[in-house]
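The values are calculated or read from the model by the stated rules, or taken from the named source; none is laboratory data. From a predicted model like this one, the values you see are computed outputs, not experimental measurements. Glycine also receives a Cβ, built like all others from the backbone with ideal geometry; neighbour counts cover every protein chain displayed. For accessibility, only protein heavy atoms count, side chains too; no ligands or nucleic acids. Shrake-Rupley method; radii C 1.70, N 1.55, O 1.52, S 1.80 Å.
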Amino acid sequence: MQKTLSNSINDSNDVVFYQPQFRFLESSYLDAFISGQVYLSNILNFRKGDFGGLIDDEREGEISLHGFNHNTSERETIVYDPCIDEDIFVLCTTNNLISESLFWALKEKRTSCCLIVRPSKLIDEISSIPELTFIGRKNCDYNGRDFYNIPSFCPWTNQLPFRSMIHKYDPLFNKPKSYANQLEHRVCWRASKKSRSHFELQTTIPSQIIRIDFEVEKKVALNIRPPLSVSLQIYGFDSKVIAEGSFQFSINLLSPIVYERKEDNKELLGFKQPQNPDGSNTLFNASIQGGDTGVFTHPAVGMLILNIETKLIERIKYSVS
């Protein structure tokens, strides 16, 4: 069975780091999610073509192993599909923000997303619902759904030397290479087979969600030219900018990291700054204003900038050009 990933990136004497998750949603769904409404779709809905674009997949949640039947001298196939016996419900997120997943989202006309400060709190709350049983969470593997040339494979027997390595729910986290730009981190639950299409839940986590809006120059969004620069503005609950910065673009730039300072129990959000080419801990082609600690460095994550208490942030705006 898939295990829950560790919530913390690194635990030291002075600070604990957490990996936030991101959800790219259409505007109406985004507003609902930020208000605490969570929609879990039955994985079978993705096979029916309910969503369109690069989301639908007629073989979602299953894999096929292809081998040779020595009795019939023919190739045979065994399909692993956990959705036959149970209803499986899924929450799709990503660990990545400024990455290929952003440009995939833009192609799907999704110009906003939300940052889940501590995903484990949301997962634990959903898992407390009696009708749902938590299966697991992990980054999807983009190795395809078909596996060939399996050594000593005989589909009609139970003597597969690797059978114990394939858990019933492993196929839920396998996807085709063509979907790799999604960089999906998937969370799954199971329920008794009742042919239920979805769950709609009201959670208590709005304070754990921060809205992120994107403004991307058209030529960049269409991949006509690569991005050159990125700027961000962080807004407080009075709709005023409390911190901002502009930077030379890098694919690993400005990925948000959440951390808790043990000395004062403050929870802060910082943004990764790429290492200066000369190896020094100085800002590279960047200018910043505001933030609680300005620049913060730590061996576990490198340099973080624009560090602000999460409870002070209403939304974040990225502009890419």
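Of these, T133, T94, which one is touching a Leu at 6+ places or on another chain (Cβ under 6 Å) and either modelled with pLDDT of 85 or more or open to solvent by less than 20 Å² (accessible area, probe 1.4 Å) (or both)?
It is T94.
Please find, within the stretch 287-301, the residue that is surrounded by the fewest Cβ atoms within 10 Å (Cβ to Cβ) out of those that are at pLDDT 80 or above and of a type in the set (V, I, T).
T297
Starting from residues that are open to solvent by 30 Å² or more (accessible area, probe 1.4 Å) and polar (S, T, N, Q), keep the ones in the stretch 189-222 and report whichever is nearest to the chain's Cα centre (by Cα).
S207
Every residue in the stretch 11-27 that is open to solvent by 40 Å² or more (accessible area, probe 1.4 Å), at pLDDT 80 or above and either within 24 Å of D170 (Cβ to Cβ) or of a type in the set (S, T, Y) (or both), please.
Passing the criteria: only Q19.
Tell me the residue from I234, I212, I205 that is of a type in the set (A, V, I, L, M, F, W, C) and at pLDDT 90 or above, please.
I234
Condition test on F284, is it out of contact with any Gly (no Cβ under 6 Å at 6 or more places or on another chain), at pLDDT below 75 and surrounded by 13 or more Cβ atoms within 10 Å (Cβ to Cβ)?
yes
Working only within the stretch 302-321, note down all residues that are touching a Gly at 6+ places or on another chain (Cβ under 6 Å) and either aromatic (F, W, Y) or open to solvent by less than 40 Å² (accessible area, probe 1.4 Å) (or both).
Selection gives L304, L306, N307, I308.
Against the definition (modelled with pLDDT under 80, hydroxyl-bearing (S, T, Y) and closer than 30 Å to F271 by Cβ), how does S8 come out, yes or no?
Considered against the rule, which asks whether it is modelled with pLDDT under 80, hydroxyl-bearing (S, T, Y) and closer than 30 Å to F271 by Cβ, S8 comes out as yes.
Is the stretch 246-256 home to any residue that is under 19 Å from A300 (Cα atoms) and either at pLDDT 85 or above or assigned to a strand (DSSP E or B) (or both)?
yes
Consider the stretch 107-121. How many of its residues are assigned to a helix (DSSP H, G or I) and modelled with pLDDT of 65 or more?
Selection size over the stretch 107-121: 3.
Does the stretch 70-91 hold any residues that are open to solvent by 70 Å² or more (accessible area, probe 1.4 Å) and acidic (D, E), and which are they?
Result: E74, D85.
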